[in-house]
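Derivation of every value follows stated rules applied to the coordinates shown; laboratory data play no part. Keep in mind that this is a model prediction, so the values were computed, not measured. Neighbour counts are summed over all protein chains in view; Cβ atoms, including those assigned to glycine, are modelled from backbone coordinates with ideal geometry.
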Amino acid sequence: MVDFFESIGGRVVLEPWLPEIQQRPDLLVTFDNRQVAIEFQCAPISVERVQHRTAGFAKLGLDVVWVLGPTYQQRKLQQVTLAKFARIRQDTLQVALWRGKQGIQWREWWTVDGRMYVGREDYADPIRQLVKIQQQLVRRDRRIRQLQKQLYQQERTVTGIPVCCHISKPLPGGLKTAHWMLATQLIGLLEQEPCHADRLLTMIERAEWFAFGATPASAVAKLWLTQLLVLWQSMGVVQVTNDRWCLAAKVQWFADFNQKCRELRSHVHTLGSK
């Protein structure tokens, strides 16, 4: 690993003792005037420990990169593990993997339609998603029961949510809540009145997230919201007026599962013909 960083222009110090924070990184790499603490991780470590060490390095103005070694790569990386070590780079959540002679490889972490993807993008099938929602309703899935109750009071149904709530493109990972559920709540809020971005962000931050270790959870929530709003803006769903986000037009809710299926099939066909 020392050879790798030196090959890209870094000056490397092995395991330096940093008395101000009582910590010793595996490597301290200097690029011009920027210093990066490298933590090469093979053994299990708690998210609290990752948070503590990351905060310690931050006190000295050091960036820190947690590099996952072979032990982690030999098994499928779970979302709880990705959240522990992920960093925001180039407006995406990424995890650093050690690839031996190839050096460090950064892999992007996306989730789509409740499924996880690392290193590649995928696109959701809204009809498949709708069928899954219907199945969850039949099973009385606890995760959507509360939303179902809220919508019922408005004479709406979970299967009748607007098409824009079926998120078609990848968003940053980390949410335990399905993307469509959070999107539906945001649409409901925007239907009431235009909202400042901070108010929307508060809703996102209160959602159920995996525990982040190397990155503030608030930063991940902001990234998620920003990318969703950009997507909705490109679809003509939302716009900014007087520094507040609002619906660009009234969104359509659907009466039942069958009506929604017909609309989704038409929507998918339209997208495919463009």
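Each of F85, F31, F212, F40 was scored by other Cβ atoms within 10 Å of its Cβ. Listed from fewest to most, they are F31, F40, F212, F85.
Could you grab the relative contact order for the range 2-118? Cα pairs under 8 Å, six or more apart, rounded to a whole percent.
On the way: 167 pairs, mean separation 18.6, N = 117.
With pairs under 8 Å counted, the relative contact order is 16 percent.
Using a simple charge model, +1 on the beta-carbon of Lys and Arg, -1 on the beta-carbon of Asp and Glu, nothing else, what dipole does the range 31-112 show about its Cα centre, in debye to the nearest 20? Display every interim value, and only then the final one.
Working: 12 positive and 6 negative charges, 50 e Å.
Approximately 240 debye in magnitude.
As a proxy for reagent exposure, R24, R206 were ordered by neighbouring Cβ count within 10 angstrom, fewest first; the result is R206, R24.
Once the Cα-Cα distance is subtracted from the 0.36 nm per residue extended length, the A55 to M235 segment shows a gain of 60.9 nm.
Charged side chains reduced to their Cβ positions (Lys and Arg at +1, Asp and Glu at -1) give the range 172-267 a dipole of some 200 debye around its Cα centre. Legend: translational diffusion of the range 2-118 by Stokes-Einstein, Rh = Kirkwood radius over C-alpha pairs, 37 °C, 0.692 mPa s; D = 217 µm²/s. Dipole of the range 2-118 computed with +1 at Lys/Arg Cβ and -1 at Asp/Glu Cβ about the Cα centre; of T71, Q102, F5, farthest Cα towards the positive end is T71. Distance in nm between label sites at D125 and V12, each 7 Å beyond Cα in the beta-carbon direction? Modelled inter-label distance: 4.6 nm.
Calculate, in nm to one decimal, what D63 and C246 gain on full extension: separation in residues at 0.36 nm each, minus their alpha carbon distance. Before the final figure, lay out the partial values.
Numbers: separation 183, 0.36 × 183 = 65.88 nm, distance 3.69 nm.
Additional length available on full extension: 62.2 nm.
When only the Cβ of Lys, Arg, Asp and Glu is charged (+1, +1, -1, -1), the dipole of the chain relative to its Cα centre reaches about 920 debye.
Averaging the sequence gap over all C-alpha pairs within less than 8 Å and six or more residues apart, then dividing by the number of residues, gives the range 21-77 a relative contact order of 37 percent.
Using the 10 angstrom Cβ neighbour count as an exposure proxy, how do L60, L130, L229 rank, fewest first?
L60, L229, L130
So if each residue of separation counts as 0.36 nm, and I subtract the Cα-Cα distance between R75 and D256, what length gain in nm does that give?
Numbers: separation 181, 0.36 × 181 = 65.16 nm, distance 4.22 nm.
My answer for the length gained is 60.9 nm.
Ignoring everything except DSSP H segments at least 4 long, calculate the 222 nm mean residue ellipticity for the chain; use -39,500 (n - 2.57) per segment, divide by total residues, nearest 500.
Counting only the DSSP helices, I get -12500 deg cm²/dmol.
For the residues W66, W253, W110, a GNM of the chain with alpha-carbon springs under 10 Å puts the largest fluctuation on W253.
Among the listed pairs K149/K260; K176/K250; K176/K260; K84/K176, a Cα-Cα separation exceeding 21 Å is found for K176/K250; K176/K260.
For the options T71, T215, T111, a Gaussian network treatment of the chain with springs between C-alpha atoms closer than 10 Å singles out T71 as fluctuating the most.
GNM, the chain, Cα, under 10 Å: largest mean-square fluctuation among R75, R107, R128? Most flexible of the set in this elastic network: R75.
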